[in-house]
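Visitor: The structure that follows is given in the form of structure tokens.
The values are calculated or read from the model by the stated rules, or taken from the named source; none is laboratory data. Remember, predicted model here, so these are calculated numbers, not experimental data. All Cβ positions, glycine included, derive from the backbone under ideal geometry; neighbour counts span all protein chains shown. All accessible areas refer to the heavy atoms of the entire protein, side chains included, with ligands and DNA or RNA removed. Shrake-Rupley method; radii C 1.70, N 1.55, O 1.52, S 1.80 Å.
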Amino acid sequence: KHLWLDANTGVAYESSILFGTDVDELPIPRERIGPSICRNNQELDLGEIELKMQVGIGNTNDPGANPMVGLSISDDGGQTWGRERFAAVGREGQYDLRVIWNANGGGRDLAFRIRMSDPVVNFRIMQLLVECYDERGRPVNLAMQAAA
């Protein structure tokens, strides 16, 4: 168990991926930032980006809603971030959905930030697949595993 103590009230709370909302019933935002990637300081062009994650989990507060996950890309190793773009992760039971972004730009020192702010349970990321090309247009294979 992961327990947290409220310093003001002295109340202990349990934390779990099974909880979609906090004690005040607000959604628990979840964020994951991968390590930055670069290849010999070359400009890298990004193609399709696919987030392999648990889909079809629905929204805890509104089971008919389609939760969204946000992707932000940094071209300076995570110092600053581009605008956040969203993709659907599926209503409850949509287990065959793919989470994909296109037209992603590029840079020399790339980092990726994934954010979920909808109230969901069991938010699990497995892998981020990045279609990437070097300065000469040759494919560069990148796959980032989620931390255990």
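Visitor: May I ask you to list pairs of residues, at least six apart or on different chains, whose Cβ atoms are under 9 Å apart, with the first in the stretch 8-27 being surrounded by 12 or more Cβ atoms within 10 Å (Cβ to Cβ) and the second being among the hydroxyl-bearing types (Ser, Thr, Tyr) and assigned to a loop (DSSP other than H, G, I, E, B)?
Guide: Phe19/Thr60; Gly20/Thr60; Thr21/Thr60; Pro27/Thr60; Pro27/Ser117
Visitor: Still on this structure, please answer the following. Considering only the stretch 41-63, I want to know if a residue exists there that is under 23 Å from Glu131 (Cβ atoms), open to solvent by 50 Å² or more (accessible area, probe 1.4 Å) and without any contact (Cβ under 8 Å) to a residue 40 or more places away in the chain. Working first, answer last.
Guide: Within the stretch 41-63, the subset under 23 Å from Glu131 (Cβ atoms) is 41-55.
Cutting the leftovers down to open to solvent by 50 Å² or more (accessible area, probe 1.4 Å) gives us 41, 43, 45, 48, 52, 54.
Going one step further and asking which of them are without any contact (Cβ under 8 Å) to a residue 40 or more places away in the chain, we end up with none.
No, the stretch 41-63 has no match at all.
Visitor: In the stretch 52-84, what residues are of a type in the set (Asp, Glu) and either part of a strand (DSSP E or B) or in contact with a Pro (Cβ under 6 Å, 6 or more places away or on another chain) (or both)?
Guide: Quick first cut of the stretch 52-84, residues of a type in the set (Asp, Glu) only: 62, 75-76, 84.
The one that is of a type in the set (Asp, Glu) and either part of a strand (DSSP E or B) or in contact with a Pro (Cβ under 6 Å, 6 or more places away or on another chain) (or both): Asp76.
Visitor: Further question: Can you pull out the residues in the stretch 57-80 that are out of contact with any Lys or Arg (no Cβ under 6 Å at 6 or more places or on another chain) and modelled with pLDDT of 90 or more?
Guide: Pro67, Met68, Val69, Ile73, Ser74, Asp75, Asp76, Gly77, Gly78, Gln79, Thr80
Visitor: May I pose another question? Would you check if Asp118 is modelled with pLDDT under 90, farther than 13 Å from Gln54 by Cβ and surrounded by 15 or more Cβ atoms within 10 Å (Cβ to Cβ)?
Guide: Working: modelled with pLDDT under 90: yes; farther than 13 Å from Gln54 by Cβ: yes; surrounded by 15 or more Cβ atoms within 10 Å (Cβ to Cβ): yes.
It is true that Asp118 is modelled with pLDDT under 90, farther than 13 Å from Gln54 by Cβ and surrounded by 15 or more Cβ atoms within 10 Å (Cβ to Cβ).
Visitor: Regarding Ala65, is this residue more than 26 Å from Thr21 (Cβ to Cβ) and out of contact with any strand residue (DSSP E or B) (no Cβ under 8 Å at 6 or more places or on another chain)?
Guide: Values: more than 26 Å from Thr21 (Cβ to Cβ): no; out of contact with any strand residue (DSSP E or B) (no Cβ under 8 Å at 6 or more places or on another chain): yes.
No.
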